[in-house]
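Following: one structure in structure tokens, then a few remarks.
The values are calculated or read from the model by the stated rules, or taken from the named source; none is laboratory data. Since the model is a prediction, treat every value here as computed from it, not as a measurement. Methodologically, a virtual Cβ is constructed for each residue, glycine included, from the backbone with ideal geometry; neighbour enumeration extends over all protein chains shown. Heavy atoms of the whole protein, side chains included, go into the accessibility calculation; ligands, DNA and RNA do not. Shrake-Rupley method; radii C 1.70, N 1.55, O 1.52, S 1.80 Å.
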Amino acid sequence: MSIESQSDTDKVTAGLAELVKQSMPKHVAIIMDGNGRWAQAQGKPRVVGHKAGVKTVRRAVSTARELGIGSLTLFAFSSENWRRPDKEVTLLMELFFTVLQREIKLLHKNGVRLNIIGDISRFSERLQKQIAAAMEKTADNDKLVLNVAANYGGRWDILQAAQALAKKVESGELSSNQLTEEGLSQHLCMQNQPEVDLMIRTGGDYRISNFVLWQAAYAELVFTDILWPDFDEHAFKQAIDTFASRQRRFGLTGTQIETLQAE
Ligand code: IPE
Ligand code: IPE
Ligand code: MG
């Protein structure tokens, strides 16, 4: 006799049942890795790879729009990337500035809402202003939310949320025993968007590199050897197919999942 009964399955919330049935991710996060190696393999400077990577970003945004994915989160610069040689960091900042300036009109025309996540206070004033203007211009768009993680770290994100809660405790607005996962997640970046369903990493490594840690707690992970500049529409769709073929269980048993899917 099965130890699972209908009433066991009834314990499942409507939200979880919906997640289990979902074959298309609502939120995709990508660690865009491999630009430097792509360029070096052709005997070119690393920056050539970063520039080629920008074209791939454009392509990924249009594929995400075409597929009806609600949120696309791209890791552009991590809190650890400051450790790179000054010259590369400067080039990346310049590239970020020029790309923002160049692409914003097209993003806006295509109904994309741009949301930069990360500690931007370390960027130049010029870049911070550019970011604020781009976010403001596209704030009402609703075809796709494009989160670009710049000077972002998953630990930083959790820390800044904890600090916001600590302030509320200090002011007496909350007591420490009222802190909840839900409450903390409301102070994280992308708090109004679905959690990450699918995390893709290009470039052949198998790690998360301090990207969205909390929001990807139950994400499906897809790793590919393809270097970011070569990640085309076909590769993106293949990752989505892999996602659709996985059984996401969220702590339930496989039998419970099958029951939910059959409902
Ligand atoms: C990812 O490509 C882009 C950034 C981190 C800015 P890399 O620059 O890390 O490329 P590889 O991993 O050295 O090939
Ligand atoms: C992760 O790539 C960060 C971005 C893609 C922006 P890295 O190349 O910095 O990751 P590690 O250092 O190899 O883990
Ligand atoms: Mg890398």
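Could you check, for segment 36-55, whether at least one of its residues is of a type in the set (S, T, N, Q) and touching a helix residue (DSSP H, G or I) at 6+ places or on another chain (Cβ under 6 Å)?
no
Quick one: what pairs do we get from segment 93-121, first residue within 23 Å of Glu66 (Cβ to Cβ) and in contact (Cβ under 8 Å) with a residue 40 or more places away in the chain, second small (Gly, Ala, Ser) and open to solvent by 60 Å² or more (accessible area, probe 1.4 Å), C-beta under 9 Å, 6+ apart or different chains?
Asn110/Ser62
Right, Phe231: modelled with pLDDT of 95 or more, within 16 Å of ligand 3 (Cβ to nearest atom), under 30 Å from Gly49 (Cβ atoms) and open to solvent by 50 Å² or more (accessible area, probe 1.4 Å) or not?
So Phe231 does not fit the description; no.
For the structure I just gave you, tell me whether Asp197 is acidic (Asp, Glu), in contact (Cβ under 8 Å) with a residue 24 or more places away in the chain and open to solvent by less than 20 Å² (accessible area, probe 1.4 Å).
Considered against the rule, which asks whether it is acidic (Asp, Glu), in contact (Cβ under 8 Å) with a residue 24 or more places away in the chain and open to solvent by less than 20 Å² (accessible area, probe 1.4 Å), Asp197 comes out as yes.
Taking Glu80 and the conditions (1) open to solvent by 50 Å² or more (accessible area, probe 1.4 Å); (2) without any contact (Cβ under 8 Å) to a residue 40 or more places away in the chain; (3) within 18 Å of Ile30 (Cβ to Cβ), which numbered condition does it fall short on, given that it satisfies the others?
(2)
Do we find that Ala41 is over 17 Å from the mean Cα position of the chain (by Cα), within 16 Å of ligand 3 (Cβ to nearest atom), small (Gly, Ala, Ser) and open to solvent by 40 Å² or more (accessible area, probe 1.4 Å) in this structure?
Against the criterion (over 17 Å from the mean Cα position of the chain (by Cα), within 16 Å of ligand 3 (Cβ to nearest atom), small (Gly, Ala, Ser) and open to solvent by 40 Å² or more (accessible area, probe 1.4 Å)), Ala41 qualifies.
Given Glu94, Glu66, Glu136, Glu88, which one is acidic (Asp, Glu) and closer than 20 Å to Cys189 by Cβ?
Just one listed residue meets the conditions, Glu136.
I'd like the residue in segment 184-217 that is of a type in the set (Phe, Trp, Tyr) and within 13 Å of the chain's Cα centre (by Cα) and, out of all such residues, is nearest to Ala166 (Cα to Cα).
Trp214
Looking at segment 123-140, is at least one residue within 16 Å of ligand 3 (Cβ to nearest atom), at pLDDT 95 or above and open to solvent by less than 60 Å² (accessible area, probe 1.4 Å)?
no
Please note which helices (runs of 4 or more DSSP H) are completely contained in segment 149-263 and include at least 2 residues that are closer than 19 Å to Val57 by Cα and of a type outside the set (Phe, Trp, Tyr).
In segment 149-263, 233-245 are the helices (runs of 4 or more DSSP H) which contain 2 or more residues that are closer than 19 Å to Val57 by Cα and of a type outside the set (Phe, Trp, Tyr).
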